[in-house]
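The values are calculated or read from the model by the stated rules, or taken from the named source; none is laboratory data. Not measured: the values here are computed from a predicted model. Cβ atoms come from the backbone with ideal geometry, glycine included; neighbour counts cover every protein chain shown.
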Amino acid sequence: MFGLRNRSPRQCESESSTTTTAVSRRRVLQGVAGMTVLTTAGCLGETLTADDSSSGDGESTSADGGTDGDESTALEDELRPLIDDYLDAAAAEDTETIATLTHGSSPLHPAGWEDTGWEFQGDAYDDIDGYEIERVIETAAVEDVSDLATADFWFEDDELATAVGSNDIAIVEVASNDLAAEELDVWVFVTEDEAWKVFLIGTEDETPEDPTEAFEEPIEDAENDVVAGIDWEFDQDNLGEETEWARVHLTDSPGVDADTVRIESTIAGTEIEFYNDENGDLSSTWAGASGTVELNPDGDQIVVTAIDGDDERIVHRQHYEP
């Protein structure tokens, strides 16, 4: 998960108070409970553009399906330290180092969001208990990058191809329960000035063909203890003309004890959290906030969860059926 916290009250979606938010983009995997639990590293073998690009554990694969022996091993040896350094820097929230490791055209580059009042959150990178490189896909194509769940969130139409340009692409699949659980098990590298740089981190997109198969029973916040209402016709400017959005309005008079409220669209995989925070003379609250989530155009469900310490309770679940 790529986490950002908003440092500026002007950026917050709250009508009555300063609201602290954490935003991420995550895809739900069919057959897996919830959006945050992935038990195995993703495998792009079924969706690669090459006719046959499968290989055994630890092997490297080229776009034509062959393995290149010493050359592939050399690439793995070159990319592994970049992953190690990025993990260390992310856990330390060291954005200066992250910037040196990240491609200038990547949406993960700190220059793209620090100036607008957002700061990086490294929680997802804490306590990573090692990993194994399962496969390195050499000479990958833009189409392969599009198979990542995060790709269509960051890029629309030809934006991805434009950002990559004529640079080389390599994809690394890692085996790690910790990274898989945070959907950080597929790493995309793109060259910049002939050096490999981190471009995207995510997991394979496995959105179900029929979203309704993943729907669960609706839950209504009948007393509006948390949810005041949902605007299904919300039009988010500058976030994609072809994208469907919903805006969830939280009550300004909470009827439950909760230090955090999570809003998610479980099929499109957008998640936003509002939480109470006290810092000196400043304080924030989720009450009265409004959060916007992307919807899968073929169907989705919005889930709102109230979190009080270690206790999490779904207070509202509503289906979107176009």
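Residue pairs whose Cβ atoms lie under 7 Å apart, sitting 6 or more positions apart in sequence or on different chains, and linking a residue in the stretch 232-259 that is modelled with pLDDT under 95 to a partner that is of a type in the set (Lys, Arg), are Phe234/Arg247.
Val164 - would you say it is touching a Leu at 6+ places or on another chain (Cβ under 8 Å) and either more than 19 Å from Ala268 (Cβ to Cβ) or not charged (D, E, K, R) (or both)? No. Within the stretch 57-69, not a single residue is at pLDDT 75 or above and surrounded by fewer than 16 Cβ atoms within 10 Å (Cβ to Cβ). Of all residues in the stretch 123-158, those satisfying the criterion of being surrounded by fewer than 17 Cβ atoms within 10 Å (Cβ to Cβ) and within 18 Å of the chain's Cα centre (by Cα) are Asp123, Asp126, Ser146, Glu156. Scanning the stretch 76-92 for residues that are under 16 Å from Glu119 (Cα atoms) and either in a helix (DSSP H, G or I) or free of Cβ contacts under 8 Å to residues at least 24 places away in the same chain (or both) yields Ala89, Ala90, Ala91. Of all residues in the stretch 181-204, those satisfying the criterion of being crowded, with 21+ Cβ neighbours inside 10 Å and farther than 17 Å from Pro107 by Cα are Glu182, Asp185, Glu204.
What strands (runs of 3 or more DSSP E) completely inside the stretch 259-322 contain at least 3 residues that are in the same structural domain as Ala246 (by TED's automatic domain parsing), hydrophobic (A, V, I, L, M, F, W, C) and within 20 Å of Trp245 (Cβ to Cβ)? Working first, answer last.
Values: elements: 260-265, 270-275, 277-279, 282-284, 290-295, 300-308, 311-320.
Ranges flagged: 300-308.
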